[in-house]
Every structure is written in C-alpha cells, then in structure tokens.
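The values are calculated or read from the model by the stated rules, or taken from the named source; none is laboratory data. Given the structure is predicted, the values throughout are model-derived calculations rather than measurements. FYI the Cβ positions are ideal-geometry reconstructions off the backbone, even for glycines, and counts take in every protein chain you see. For accessibility, only protein heavy atoms count, side chains too; no ligands or nucleic acids. Shrake-Rupley method; radii C 1.70, N 1.55, O 1.52, S 1.80 Å.
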Amino acid sequence: MARQLPPECQGNSSDAQRARLLHRLRQGPITTTDARHDLDILHPPGRVKELRRAGFVIDMWRVPGYNSNGKPHNVGLYTLVQEPPSATVDGSF
C-alpha cells in the first residue's frame, strides 16, 4: 500500500491516517470496515470527524456489512461531498 500512496499518506500518525482516508475518499465512497482493513486506520470515525472540522463535507450512511467473523453487521459508508476552498492535499489543519 505505501508504494502506491503519496508520501504524506505514509506512517501511522493521525495526519497520515487522515491523508490516506482523504486520498481514498477522493476516489469514491468507503466503509468503516474497508478503511480499517485496507487503509490501516484503527478508528475511521475519528479521522472523518477531524476532516469535517477542517471543512470537508462527508456524508455517512449505515449499510449492511459483515464483521471480522463474517456475521452481518451494519457499517458506516462515507462519501466525500465537498472540499473546503483551501483544502490541502492531506487534509491537515
């Protein structure tokens, strides 16, 4: 994953996690489960909250999904609706 992402997306800091999530949201919707698994973001809702505070408009819907044991479980589906006029590449404040 790290080779495909810009340098600001690499690492485990909240800035890097936020940058990975924003990079992915710019490509299309993503579920909480996929953000945890594919982007290595432990708490995606926290990163979404930070992006919203920075002026990004992100919608969230509950959709059917599965937990790590394969049992049905509702998950959040996040969609980037609008970026602030002064949006940075990584979503930093």
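Please go through the range 49-72 and pick out each residue that is open to solvent by less than 100 Å² (accessible area, probe 1.4 Å), in a strand (DSSP E or B) and at pLDDT below 95.
G65 - this is the single residue of the range 49-72 that is open to solvent by less than 100 Å² (accessible area, probe 1.4 Å), in a strand (DSSP E or B) and at pLDDT below 95.
Quick one: in the range 4-22, of everything that is open to solvent by 40 Å² or more (accessible area, probe 1.4 Å) and in contact (Cβ under 8 Å) with a residue 40 or more places away in the chain, which residue is farthest from P45 (Cα to Cα)?
E8
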